[in-house]
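The values are calculated or read from the model by the stated rules, or taken from the named source; none is laboratory data. Remember, it's a predicted structure, so these values are computed and weren't measured experimentally. Virtual Cβ from ideal backbone geometry, glycine too; neighbours counted across all protein chains shown.
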Amino acid sequence: MYKVLLIGVTPPPIGGVSMHIQRFVEQFHAKKEFHLDALDLKKKKLYREKKKLTLFQIIKVLYKSDIIHLHISNNLKVLIALLGKVFGKKVIYTHHNIRVKSLLWFKLLMLFVDRLILVNDNDIDKKVIIHYDYELIPAFLPSNDETKLPKELEIQLDSYEFVVSTNCFELTFINGKDLYGFDLCIEAFKNLVETQNIRNTVLILVDPSNSSREYVTQLLENFVSSNGCKVLFIGEKLNFNRLVEKSDIVLRATRSDGDSLTVREALYLNVPIIASDVTIRPQGTICFKHEDINDLAKHIDFVLNKSDKLLIEDYENINYGDKILEVYQSLL
């Protein structure tokens, strides 16, 4: 059996990349001729072990692997890819964002990479697409997590006619603005409440890191709850998949994005997803003009007040984990 070592962040914290790695390892860890494990360099731990590894032990794990699959964004990946080639290993790199911070570092990395995987090739730097062969494989894998929502939250959600939800990885600013667009979601919701276009509706903001609590509190200073509408902030880990199932709409108001796990999760569960047009979204996504609060509010209003449930059509339901295994097999 061939050993594959994925290198990247693993939960906690919860984010698109960490959830992709966790789900892939758990669902495919002993499929076909591959044995998968994941190394979180920041924690210095393998996914299935509790003890921290020394530098020597980390190098030993690299040496014993047959395939090294990189999922990290910082430039340390270049050194690891180089080390992998010195050890005679096959090296794969998955680029999870549309941004390429430095083309120079990217070119250097690609000297040591056997296969490049992009999760989205629509908005990435064209020089990457022109000069390098790549596999296009979205990062989404369905969740196997059966954890239920807290009972108190379930009861609270059931008391509302409509549930609108959104989430973030942690409070992050890009060009001085909230990357995940909590501010846009709150302002759009506030506009709908003030104009009485919605009723008995709750907007739920989920941040498992709790780093947004003070920021959200400031955003809500002038919010006046009326018509049975409320904004609820949740600053702890929960099974967001279950919250999506309970939602009438999921929002993804990001100011920059890759192949969003949240978007694909909603599509997979047939829940309307309204997302910013900062990147090309999967078929079935309802897009609004990024930074345009009025356009976001208009789309929320449309979906909530539509008499028939909005069905999501033409969503491509593919198990992308199998596609990744095919890349592994091509290197044998």
Looking at 265, 291 in this structure, which one is part of a loop (DSSP other than H, G, I, E, B) and not assigned by TED's automatic domain parsing to the domain that holds residue 99?
291
Does segment 225-234 contain at least one residue that is under 17 Å from residue 274 (Cα atoms), part of a strand (DSSP E or B) and hydrophobic (A, V, I, L, M, F, W, C)?
no
Flag if residue 247 is surrounded by 21 or more Cβ atoms within 10 Å (Cβ to Cβ), assigned by TED's automatic domain parsing to the domain that holds residue 177 and touching a residue at least 12 places away in the same chain (Cβ under 8 Å)
yes
Being closer than 21 Å to residue 3 by Cα and modelled with pLDDT of 95 or more narrows it down to one residue among 51, 60; which is it?
60
Would you call residue 278 modelled with pLDDT under 95, in the same structural domain as residue 159 (by TED's automatic domain parsing) and in contact with a His (Cβ under 6 Å, 6 or more places away or on another chain)?
yes
If you go through segment 107-130 one residue at a time, do you hit one that is aliphatic (A, V, I, L, M), within 17 Å of the chain's Cα centre (by Cα), modelled with pLDDT of 90 or more and surrounded by 14 or more Cβ atoms within 10 Å (Cβ to Cβ)?
yes
Quick check: is even one residue across segment 243-252 in a helix (DSSP H, G or I), over 21 Å from residue 192 (Cβ atoms) and not basic (Lys, Arg)?
yes
If you check residue 221 against the conditions, is it outside any loop (DSSP other than H, G, I, E, B) and loosely packed, with under 15 Cβ neighbours inside 10 Å?
no
Quick check, is residue 158 out of contact with any strand residue (DSSP E or B) (no Cβ under 8 Å at 6 or more places or on another chain), crowded, with 16+ Cβ neighbours inside 10 Å and either of a type in the set (Val, Ile, Thr) or in the same structural domain as residue 260 (by TED's automatic domain parsing) (or both)?
no
For segment 161-210, give me each residue that is under 17 Å from residue 294 (Cβ atoms), in contact (Cβ under 8 Å) with a residue 60 or more places away in the chain and buried (at least 21 other Cβ atoms within 10 Å of the Cβ).
164, 181, 184, 185, 188, 189, 192, 198
What residue, of 73, 143, 65, is of a type in the set (Gly, Ala, Ser) and either in the same structural domain as residue 268 (by TED's automatic domain parsing) or closer than 24 Å to residue 179 by Cα (or both)?
73
